[in-house]
Amino acid sequence: MHLPLVVHRIREENSTFRTYVFKHDLRAKPCQFAMVWLPGVDEIPMSIGWQDESELWIGISKRGDCTTAIFDQVKVGDRLGIRGPFGKGFELKKEFQKIILVGGGYGTPPLLLLAKEARAKKLEVTVILGAKSAEHILYQREFGELGCVVHNSTDYKGGKAHATDILKEAGGKAKYDCVYTCGPEKMMVKVAEIAK
């Protein structure tokens, strides 16, 4: 059953990505997702980027028919149908003290909720944000405000570097209890190889 949630705020992150903010606590684990329904158009899975006692953020990239319709039709005060949360989600083990998160493009939003939970448990969190340009880096300020060490892979050390290049360098300097990643499949495969 869908919850007909009112769009409280819309954040323009860049020309093709928006964060839709609702006044609701969905009780999701980091990296779970919600099904977002635009009546008469379609229902699609979308990442939950943030939640607390009063707000729920769902990041939407303008890519297909349904997301384009949401961008074109849905304004503040309108409703979207929300179902969920779904998926297993990420878990933080009790023994973890230091973790690293690698986000690729629009796979970044669920890592923000993970960082929030990890910082609440006093873990040290390093975040590597990868995107095709600085305009497309998501939630850099929010990660910083949580107290994470943030690396932006589009202008790392004054030049261009892939998120996985920064992961290799970071892994050579410090030990991490776990690496979490979300993004393009090719990037995640490389992250897994580096972690191994």
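See the values below:
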{"quantity": "Pairs of alpha carbons in the range 108-147 whose separation is greater than 17 Å (percent)", "calculated": "25"}
{"quantity": "Listed residue pairs exceeding 21 Å between alpha carbons, taken from Lys29/Lys190; Lys93/Lys121; Lys29/Lys116", "calculated": "Lys29/Lys190"}
{"quantity": "Contact order normalised by residue count of the range 25-92, Cα under 8 Å, 6+ apart, percent", "calculated": "45"}
{"quantity": "The chain, accessible surface, carbon-and-sulfur percent (1.4 angstrom probe)", "calculated": "51"}
{"quantity": "Exposure of Cys31 as accessible area (Å², to 10), given a probe of 1.4 Å and all protein chains", "calculated": "40"}
{"quantity": "Residue-normalised accessible area of the chain, expressed per residue, 1.4 Å probe, Å²", "calculated": "52"}
{"quantity": "For the chain, share of DSSP beta bridges that run antiparallel, in % to the nearest 5", "calculated": "65"}
{"quantity": "Extension gain from Arg63 to Glu169, taking 0.36 nm per residue of separation minus the Cα-Cα distance", "calculated": "34.9 nm"}
{"quantity": "The chain: DSSP helices with Cα axial extent of at least 24 Å and average Kyte-Doolittle hydropathy no lower than -1.0", "calculated": "none"}
{"quantity": "Leu101 - accessible surface, heavy atoms, 1.4 Å probe, Å² rounded to 10", "calculated": "0"}
{"quantity": "Within the range 87-196, percent of DSSP bridges classed antiparallel, to nearest 5", "calculated": "0"}
{"quantity": "Estimated [θ] at 222 nm from DSSP helical runs (n ≥ 4, -39500 (n - 2.57)) normalised by residues in the chain, nearest 500", "calculated": "-7500 deg cm²/dmol"}
{"quantity": "Expected-Rg normalisation [2.2 N^0.38 Å, Cα atoms] applied to the chain", "calculated": "1.02"}
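The values are calculated or read from the model by the stated rules, or taken from the named source; none is laboratory data. All figures in this text were calculated on a predicted structure; none of them were measured in a lab. Accessible surface is based on the protein model in full, side chains and every heavy atom, while ligands, DNA and RNA are left aside. Shrake-Rupley method; radii C 1.70, N 1.55, O 1.52, S 1.80 Å.
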